[in-house]
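Asker: I'd like to ask you about the structure that follows.
Only the coordinates and a few stated rules stand behind these numbers; no lab work does. Since the structure is predicted, the reported quantities are computational estimates derived from the model, not experimental observations. Every residue, glycine among them, receives a Cβ derived from its backbone with ideal geometry; neighbour counts consider all protein chains shown.
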Amino acid sequence: MELDELFAHHFLGGDKPEDYINWGVDQLLAGSDSINMALLASMDFLKPVYMQDVLKQFEKCLEELSISWPDERETIRTYSETIARRITLGEIEPRDGLKRLASLYFPSFYSEDLYAIWYGLEYDVANLEFGHTATSNPEIDLETLDTFIIKVAKQYLELLKMSLPENFLKWAYCYECQQVHQYVVKPVKGNSLLRKLFKKRHEFHVECANCTSSKITTMINYEARQKYLQLLST
């Protein structure tokens, strides 16, 4: 495991003592002659192995290498970029990469970031596996899923390089305006008495904030993001 991935696992709460120990072993195999590194690599001989002890030894190794703990937000972002790139290069299976990237959405608490793209896609896959239609990307199916994940990964890498509008995923492509605008959510108008009689919940729909058209697709959808990129290139 590379150091940036190890840092990301730590911030996401998915790190284990053996992750740090194995990293120490890798450093020794790469030629490190550090006593602290050797101590870290040998900690699996201690039973039981406590995380606090392993982290303390790991930090001694970082200090020797003049490496500090990185910024959490940037580390997770870099990790997501690494996973997406490995998907495009065929180094990891698309569905495995999707699972890793989708897991970033809730632990990071950065809901304004692009991780929701992956969470939405994973939710689509679950719907398809249960025989339902995908919601975020209704154009996909299980037969072409791996190819689609690779396409999303390539697009994701492109988006990471850009300065996107704030709350980008709350924007939408409007087929009426043929432009990208923020969308608004409004309740569906109907007979309120009938709703009360049948205890029907209020229903909502989204519409373009510019022209009020409901012919829109939000940025959680791959094709909508492609429309956005195409508009920028014209």
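Asker: Which FRET efficiency value, to the nearest 0.05, do you get for ASN127 and SER214 by plugging their Cβ-Cβ distance into 1/(1 + (r/R0)^6) with R0 = 25 Å?
Answerer: E(calc), rounded to 0.05, equals 0.65.
Asker: So what's the back-of-envelope 222 nm ellipticity for the chain, counting only DSSP H runs of four-plus at -39500 (n - 2.57) apiece and dividing by all residues, rounded to 500?
Answerer: -16000 deg cm²/dmol
Asker: With springs connecting C-alpha atoms under 10 Å apart, model the chain as a Gaussian network and identify which of ILE76, ILE220, ILE67 has the largest mean-square fluctuation.
Answerer: Judging by the Gaussian network model, the answer is ILE67.
Asker: A further question follows. Helix by helix through the chain, keep the DSSP H runs that span 15 Å or more along the axis on Cα and average at least -0.5 on Kyte-Doolittle, and give those back in order.
Answerer: 17-29, 115-129, 145-160
Asker: What does the extension gain come out to for GLN226 and PHE45, with contour length at 0.36 nm per residue minus their alpha carbon separation?
Answerer: Value of the extension gain: 60.0 nm.
Asker: Run the numbers on the chain and let me know its relative contact order in percent, using alpha-carbon pairs under 8 Å that are six or more apart.
Answerer: 14 percent
Asker: In nm, to one decimal, how far is the modelled label at LEU55 from the one at PHE204, with both set 7 Å along Cα→Cβ?
Answerer: Simple spin-label model gives 3.8 nm for this pair.
Asker: Can you find, among LEU65, GLN178, TYR222, the residue farthest towards the positive end of the dipole of the chain? Put +1 on the C-beta of Lys and Arg, -1 on that of Asp and Glu.
Answerer: Value computed over the given set: GLN178.
Asker: Can I ask one more? How high is the FRET efficiency between TRP69 and LEU29 when r is their beta carbon distance and R₀ equals 22 Å, given to the nearest 0.05?
Answerer: 0.35
Asker: Using the structure shown, select from LYS16/LYS47; LYS16/LYS99; LYS16/LYS151; LYS170/LYS215 the pairs with a Cα to Cα distance greater than 22 angstrom.
Answerer: Flagged as over cut-off: LYS16/LYS151.
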